[in-house]
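Asker: Take a look at the following structure, please.
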Amino acid sequence: QVQLVESGGGLLQAGGSLRLSCAASGRTFSSYYMGWFRQAPGKEREFVAAISWSGSSTTYANSVKGRFTISRDNAKNTVYLQMNSLKPEDTAVYYCAAAASGLRFKSHEYDYWGQGTQVTVSS
């Protein structure tokens, strides 16, 4: 069992930066692949980024590639999403999720979810 709690969301202007954190409970955090998803009003939840259990492999949605960076600190049971050059279209609730195996792109392939944190980017 893994419990996830996101933090770090907020309101900022376009071009700014923000770092989201996702704190996990449970001694097995380091064995999970972690992902970030987001959901804008009226839209489906979409994949943003994922990272392997060791942190050696990462993958990103094309829409955020080069702007966002996913990382993890297994000693702190935390995964991060550094977001730079933010755009109004990045506005969404951001969720972190844990998958038992593999870098996953689809939400139904993840086993545990956080409650989400709101990111709002104004133009």
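The values are calculated or read from the model by the stated rules, or taken from the named source; none is laboratory data. Being a predicted model, the structure only gives us computed values, none of them experimental. Glycine also receives a Cβ, built like all others from the backbone with ideal geometry; neighbour counts cover every protein chain displayed. Heavy atoms of the whole protein, side chains included, go into the accessibility calculation; ligands, DNA and RNA do not. Shrake-Rupley method; radii C 1.70, N 1.55, O 1.52, S 1.80 Å.
Asker: How much accessible area per residue does the chain have, in Å², with a 1.4 Å probe?
Answerer: 51 Å²
Asker: I've got another one for you. Cα atoms only: what Rg and Dmax, in Å, come out for segment 1-72?
Answerer: Final numbers for Rg and Dmax: 13.3, 38 Å.
Asker: Can you give me the Cα centroid spacing of segment 73-91 and segment 21-61 in angstrom?
Answerer: So the separation of the two Cα centres works out to 10 Å.
Asker: Then there is this: Please give every one of the lysines within straight-line cross-link reach of K106, meaning a C-alpha to C-alpha distance under 24 Å, and leave out same-chain neighbours fewer than 8 residues apart.
Answerer: Leaving aside lysines fewer than 8 places away in the same chain, those within reach of K106 are K43, K65, K87.
Asker: Counting alpha carbon pairs within less than 8 Å and at least 6 residues apart, what relative contact order, in whole percent, applies to the chain?
Answerer: 36 percent
Asker: Have a look at T91, F68, S107 and report the one farthest towards the positive end of the charge dipole of segment 27-123, computed about the Cα centre with Cβ charges (Lys/Arg +1, Asp/Glu -1).
Answerer: F68
Asker: Quote the convex hull volume per residue of the chain, based on C-alpha atoms, as a whole number of Å³.
Answerer: Convex hull of Cα atoms, per residue: 89 Å³.
Asker: Let me ask another. Taking the highest mean first, how do the peptides 69-77, 43-51 order by number of other beta carbon atoms within 10 angstrom per residue?
Answerer: Per-residue mean Cβ counts within 10 Å order the peptides as 43-51, 69-77.
Asker: Between N62 and A14, what is the FRET efficiency for a Förster distance of 25 Å, r being their Cβ-Cβ separation, to the nearest 0.05?
Answerer: 0.85
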